[in-house]
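To keep things clear, I will list the structure first and then write my remarks on it.
Every read-out reported here was derived from the displayed coordinates using simple, explicitly stated rules and does not represent laboratory data. Not measured: the values here are computed from a predicted model. No Cβ is skipped: glycine too gets one built from the backbone with ideal geometry, and neighbour counts run over all protein chains shown.
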Amino acid sequence: MARVLRHLFPACHSRVWREFRQPSLSFGSRICASYPYQAASHSQTAESPATSSRRSGEISIVHGDSRTVDNEKTNGYSGSTYTYEDTIAAIVTSLGGQDGSVAIVRLSGSSAVSIAGQLFRPARKSRNGASWQPKSHKVEYGTVVDSSGAIIDEVLVVPMLAPRSYTREDVVELQCHGGSICVHRVLQLCLQSGARLAKPGEFSMRAFLNGRLDLAQAENVAELISAKSSVAAETALAGMQGGLSSLVHTIREQCLELLGDIEARLDFEDEMPVLEQAEVVSKIDSMWERLQEALGTARRGELLQAGLQVAIVGRPNVGKSSLLNAWSQSSRAIVTDVPGTTRDVVEADVVVGGISVNLLDTAGIRATDDLVESIGVQRSKAAAKGADIIVMVVSALDGWTPQDNDIFEEIWECPTSLQGGTASYSNGSLSSSKIAQVPSILVINKVDTASPTSVILPEKVSNAFSTIVPTCAPQSVGLKNLEAALLKLVGFGEVTTGGRQWAANQRQAEQLLRASEALERVKASAQQDFPIDMWTVDLKEAAIALGQISGDDVTEELLSSIFSRFCIGK
């Protein structure tokens, strides 16, 4: 086949290979354009291996090129002309919650220094009255003034000249007094002086496009900001430092190298030795195994970012509210001996083994004529059906009652959102609503009043729960065992707080799986002695999938989708 193709299309193989080695980052009709870096006068900083390849020409964008996004569902980047020549500005400190003492406006772009110079008046003016001449990374104190010369705020100005900045453009940060008034007035002056309000994630997008970080690292920036626990933050930091990126770049380069070997033999079959099948299979196996290791982190990444929602259900007065209060070390839920005290879903957040867990204390489920309580019961059922894990509480004193059985039958007919429990975590889906597949834990509470062994469970009930945990909620007895059971149920029991291990997110895991499956097809082709030119199709598929993770092979729609999820100012 290879010989026939070469006679029909003599330049086909070489041309296809050369074109494939070029990046396929497409903005509109542009496949690849050169990026004339405009900061050559400033000192160059060291680059990581993860980004140096893109800076050397693998991915490049025209500075000042205007592109219109046709997809109107890309949030902040939709329906407008996007110009990288603009200087952008945004408030980069949080404006939510209690006011801080400092708020920061960031400018980035070719006009950042001149715009800041229009507004900033240094306290120590030069003798000759010359305009402000910033020194990179040197803090200066002064004031921000409006067009009439009126002082708006006293500020510290931090210029970071290209390429020694987050975006690798000229960046100026104006550190204002805290609160919302001063910082918004300063931002407004920046916009009036020629800056454009930054879109969500635009600073990080420019950092990516300028080779400051790759796409996987950029995603970890957002994950660090949204981290809900210290372990989630450590995981994001590991990703920012190139954990996943290094692996992806290495495997992608190995794919491209193997492609090069194959294409060379297609072009120069008579001059080159035969490619040994065993050697190819060995290389494929090595890459495939590393991809499996990366895929193994995906579940951890999902849990750290999304957290878990745990519904605590049961009949009235079995100690659900006491369990929530003890677990969260708070008094969120009202506890009385009166059945039906809890009439709505009460929430509390805890961190279990590094996972953010949202606890839902639900109203006791029972038949009632009270309108308000009946609404609470319906909400309890809805919370149970929408939770990731259900913790059902029964009383050691009362044992398993007919009312407990009614609750069990009703709730366990519907699979929860986690879908799979211990029976199907491997494939992540739940094809039926079998009771044994529901991710559930049974808590036998009030063990201070009776032995948990006195609770006799029907066989189908005992089979439905992954673990049975005895507790005495008011005394916090059994809570550690409950947390351990929760972590084991979601496959997270081996992770310890403080460990810095990177993890793939859902988007990255999809591409890792795509690459893994492509390599499996390459291996099958090699083992079945298919012509070697057929191997290249799946090798290219694997390389493209890995490029979707690193950013070496992406579309504008993908970039818009990723960066529009960032906050404005990052």
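Summary of computed values
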| quantity | calculated |
| --- | --- |
| Residue pairs, from the table 228/570; 199/385; 199/228, whose Cα atoms sit over 29 Å apart | 199/385 |
| Dipole in debye (nearest 20) - segment 87-194, about Cα centre, beta carbon charges: Lys, Arg +1; Asp, Glu -1 | 420 |
| Ordering of 534-541, 277-284 by burial proxy (mean other Cβ atoms within 10 Å per residue, highest first) | 534-541, 277-284 |
| Derived scalar couplings ³J(HN,Hα) [segment 240-246; Karplus, 6.51 cos²θ - 1.76 cosθ + 1.60; whole Hz; x for Gly, Pro] | 4, 7, x, x, 5, 4, 4 |
